[in-house]
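Trainee: Just dropping this structure here.
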Amino acid sequence: MRLIIRQDPESVAYYTANYIKQRILEFNPTAERPFVLGLPTGSSPITVYRHLVEFNRKKEISFQHVVTFNMDEYVGLPRDHPESYHSFMFNHLFKHIDINPKNIHILNGCAEELDKECTRYEEEIKKVGGIELFLGGIGPDGHIAFNEPGSSMNSRTRVKTLAYETVLANARFFGGDVNKVPKLALTVGVGTVMDAREVIVIITGAHKAIALNKCIEEGVNHMWTVSAIQMHPSAMIVCDEDATLELHVKTVRYFKSIEQVQEQLIGRDNIGLKGSISSLSKMNQDNNPHYNYSIQ
Amino acid sequence: MDILTDPVLLKDKLIKFYNCRILRDHELKEDYLYVCNGKIQNPMECFWDSNKNADILVDCEGGIISPGYIDIQLNGSYGYDFSSDPEIIEESVKNVSMAQLLLGVTSYCPTIVSSNKEVYHKVLPHLGPRAGSIHDGAEVLGAHVEGPFINIQKKGAHDERVIADAKGGIDVLYERYGRENLKKYVSVITVAPDVEGIMDCIEPLIEETGVTVSQGHSLANVKQAEDAFKRGCNLVTHLFNAMTTFHQRDPGIVGLLGTSKNNSFYYGIICDGIHVYPNSVKIAYYAHPSGAVLVTDAMSAQCLDNGEYNLGEMDAEVRDGSVYLVGTHTIAGSVAVMTNCVKNFIEFTGATKVEALEAATLHPAKALKIDNRKGTLNFGADADILILDDDLNIKRIFISGVEATPDNVKFSPRFSPKRNRSPVHIE
């Protein structure tokens, strides 16, 4: 696992968006061989999406051959409801970019038979050959998608009852009325996310510092579902300084030094995107001010 | 040919306007506007249900997208007059519709001044609702019949010989206009509630014919005006002009501005700076901003140069941006164009762009109860839209989702001023 530490949430978002851009460019997707991207909702990804939109607007990347799968959707909330994840994705990403609507997959929370909808979703993922890169956020309790504490680490796409705290937290999006917040959601499982060939998790803010600590410094634990990332062969966490507050100084220094060594001793040109040194693929560098991060 | 100007090529194509601010929900929002087959689309429906992303992208260059202007009081334009030339009425409608479209007025009510029965019966069937397009020009919303049941002392430029009362009840109105004509072709009727018999006609008239009844050309006192309003007369014809002058103990029709429950009350106002002194416009705006309806009340000389012209059966003269009855100082309509009225409204009142644009779009649509499809950019509304710059100059015009330009919208100005002058465009 790689841990990338950036100064603030804005830099985290830029790093992440730029990384996704480079991955898509390197992948060079075609209609026959599309890039399959897993996507989250939530506050952290908004800025990532804003950068992706900007890259697309400047024609630096195209989404024409990108296939997307979203993590989750509320049950029973109409698709066009402003708080539905369909609306979220449409308003923050899809309506701004050149993506083909047919390539988009979001769970249908209004499906007649919810179980079938979940099975169908897993099959859709299989049909396109699995997910190349799954981007995720994390809750303060360490959950990924709606896989809240206690979710099976092998879980697949399914119906979930939302934790009371999540319902309370979401009430602000429904006029402060807890009764209007959906209590069920469809969500991909921890296993579904971990099946992706690469997983990136964004973690920002002091309120998520404990979650970061639990997920990477302690053992794999279903009470902190993102900790499953420890078992993933190609995973990366991108966090800001605030999110590292509960980490050991040693841990922070370690991960920063790795980045520094790679940059200064080996050279960026000689490192693959995913951090492999055998690959000589070159990263397209631009004048990103956030990229030149030095250890303080 | 540019695909945007060709309705055949545009069929089933989803147009996405970007780089723009959209007038929606009383604010200018940065967003996209989606149009397909002449209607404004719900982008989420296009996206999820029809799997359609945009087929055509239109860069609005940072401009404002507004619904097309609506003029509910227009007597004529470019030498054509709806009242005085029954013989060529079809030609008049056709040409005026085209001309209005290029002025950004995408729908309007052709207006007839007080006339005799023969004129109404001949002309009204040509002024009924007809859809707008680049082939037919601006949409005709139905006629506005101004008079003849008005107060003779407030006749303005109307011919007093045809002015009438309604002593005989509603049948007198039906007799004059033709009952079927009212149902099929008329959208607005201007009456004076103080004219004998009119007050009792208001309710049955609205109920039977569905027209919008407007009060004007009247000496009604404030009680009569409020009574008429309660009976369903939700509109006032060119506020301040041809009505009782404001007096503190009897403000007359103008007093409706101060009626406490005036949410559904609208007033036409001529914002050319001549018919109504700018301060008066400001007073009206401050009293009831959501009721302002900009009207041009323009006559045949709109967009023509100085000279003498016909208005009804009278002779009028355009002199330095105003129209007078020949040899008098009586104002006989106007030569205003809507785009200037909108700009003037902001200048006179300090209103926001949103308020000024809504006074030319949403408010008239609401007054006529057609705001489900006109005067709005809500999903499902007709795609009659203007792209404006920040000074509210019109950059591009679309009707039913098709771009209108001088190349695909042609018309011939009629006229011949008596004194040998040629028509010119007003910028």
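Trainee: Tell me, which cysteines of chain B are without a disulfide-compatible partner by the Cβ under 4.7 Å rule?
Mentor: That list is B:36, B:46, B:109, B:201, B:233, B:303.
Trainee: Angle check, please: helix B:89-102 long axis (alpha carbons) against the longest principal axis of chain B (alpha carbons), in degrees 0 to 90, nearest 10.
Mentor: 50 degrees
Trainee: Here is a follow-up. Which value at 222 nm does chain B reach when only helices count, each DSSP H run of 4 or more adding -39,500 (n - 2.57), with the total divided by all residues and rounded to the nearest 500 deg cm²/dmol?
Mentor: Values: 11 runs with 93 residues, N = 427.
Mean residue ellipticity at 222 nm (helix-derived): -6000 deg cm²/dmol.
Trainee: Moving on to the next point. Suppose each label sits 7 Å from its Cα in the direction of the beta carbon; what would the residue B:326-residue A:80 distance come out to in nanometres?
Mentor: 5.8 nm
Trainee: Shifting gears a bit: For the Cα atoms of chain A, what angle does the longest principal axis make with the long axis of helix A:9-27, in degrees from 0 to 90, nearest 10?
Mentor: The angle comes out at about 90 degrees.
Trainee: Another one. Can you tell me the orientation of helix B:338-349 relative to chain B, as the angle in degrees between its alpha-carbon axis and the longest Cα principal axis, to the nearest 10?
Mentor: On a 0 to 90 degree scale, this one is about 80.
Trainee: Same structure again: Could you pull out every one of the lysines with an alpha carbon less than 29 Å from that of residue B:13, ignoring same-chain neighbours closer than 8 positions?
Mentor: A:58, A:59, A:95, A:102, B:29, B:39, B:52, B:94, B:374, B:395, B:410
Trainee: Okay, moving on. Give me A:81, B:363 ranked fewest to most by other Cβ atoms within 10 Å of their Cβ, as a rough exposure proxy.
Mentor: A:81, B:363
Trainee: Another question, if that's okay. May I ask which residue of B:252, B:378, B:143 lies farthest towards the positive end of the charge dipole of chain B, with charges of +1 (Lys, Arg) and -1 (Asp, Glu) on Cβ and the Cα centre as origin?
Mentor: Going by the Cα projections, it comes out as B:252.
Trainee: Pop a pseudo-label 7 angstrom from the Cα along the beta-carbon direction at both residue B:8 and residue B:167 and give the gap in nm to one decimal.
Mentor: For the pair residue B:8/residue B:167, the computed spacing is 6.1 nm.
Trainee: Report Rg (one decimal) and Dmax (nearest whole number) for segment B:301-419, counting Cα atoms only, units Å.
Mentor: Rg and Dmax of segment B:301-419, Cα atoms, are 17.4, 51 Å.
Trainee: Between residue A:32 and residue A:7, take the C-beta separation as r, use R0 = 30 Å, and let me know the FRET efficiency to the nearest 0.05.
Mentor: On the way: r = 41 Å, r/R0 = 1.35.
Given R0 = 30 Å and the Cβ-Cβ separation, E is 0.15.
Trainee: Before rounding to the nearest 500, sum -39500 (n - 2.57) across all DSSP H runs of length at least 4 in chain A and divide by the residue total; then give [θ] at 222 nm in deg cm²/dmol.
Mentor: Value at 222 nm, helices only, nearest 500: -9000 deg cm²/dmol.
Trainee: Right, another one. Quick one: if the Förster radius is 41 Å, what FRET efficiency do residue A:159 and residue A:273 give, using the C-beta to C-beta distance and rounding to 0.05?
Mentor: Result of the calculation: an efficiency of 0.70.
Trainee: Taking the Cα centre of segment A:15-66 as origin, sum charge times position over the Cβ atoms of Lys and Arg (+1) and Asp and Glu (-1), and report the length of that vector in debye to the nearest 20. All intermediate terms of the calculation are to be shown ahead of the outcome.
Mentor: Values: 7 positive and 4 negative charges, 27 e Å.
It comes to approximately 120 debye.
Trainee: Moving on to the next point. Using alpha-carbon pairs under 8 Å, 6+ residues apart, how would you state the relative contact order of segment A:121-182 in percent?
Mentor: 19 percent
Trainee: In which sequence would B:315, B:391 go, from the one with the fewest C-beta neighbours within 10 Å to the one with the most?
Mentor: Numbers: B:315 14, B:391 8.
Ascending Cβ contact count within 10 Å gives the list B:391, B:315.
Trainee: Using Cα pairs under 8 angstrom and six or more residues apart, how large is the relative contact order of chain B, in percent? Walk me through the numbers before you get to the answer.
Mentor: On the way: 1055 pairs, mean separation 86.4, N = 427.
Relative contact order here is 20 percent.
Trainee: Return the whole-Å distance between the Cα centroid of segment A:70-121 and the Cα centroid of segment B:155-187.
Mentor: 58 Å
Trainee: With charges only on Cβ, +1 for K and R and -1 for D and E, what is the dipole size of segment A:23-163 about its Cα centre, in debye, rounded to 20?
Mentor: The calculated dipole for segment A:23-163 is roughly 400 debye.
Trainee: Something else now. Let's see if you can work this out: charge +1 on each Lys and Arg Cβ, -1 on each Asp and Glu Cβ, no other charges. What is the dipole magnitude of segment B:69-367 about its Cα centre, in debye to the nearest 20?
Mentor: Result for segment B:69-367 is approximately 840 debye, rounded to the nearest 20.
Trainee: Quick one: if you stick a label point 7 Å off each Cα along the C-beta vector at residue B:347 and residue B:122, how many nm between them?
Mentor: The two pseudo-label positions are separated by 4.0 nm.
Trainee: Can you tell me how segment A:2-270 classifies by the Cα gyration tensor, rounded, prolate or oblate, using a/c under 1.5 as the rounded cut?
Mentor: On the way: a/c = 1.57, a/b = 1.17, b/c = 1.34.
Oblate, because a/c is 1.5 or more while a/b does not exceed b/c.
Trainee: Let me ask something else. List the relative contact order of chain A as a percent without decimals, with contacts defined as Cα pairs under 8 Å and 6+ residues apart.
Mentor: Reported relative contact order: 22 percent.
Trainee: Taking a cut-off of 14 Å between Cα atoms, list the aspartates and glutamates near residue B:167, but don't count ones fewer than 8 places away on the same chain.
Mentor: Excluding near neighbours in sequence, the set is B:175, B:194, B:196, B:200.
Trainee: When a footprinting reagent is the concern and you count Cβ atoms within 10 Å, what order do B:59, B:165 take, fewest first?
Mentor: Working: B:59 11, B:165 16.
Fewest-to-most ranking of B:59, B:165: B:59, B:165.
Bear in mind that the values in this text are calculations on the coordinates, not laboratory data. Predicted model only: the values in this text are computed from it and were never measured. Every residue, glycine as well, gets a Cβ built from its backbone with ideal geometry; the counts of neighbours run over all protein chains shown.
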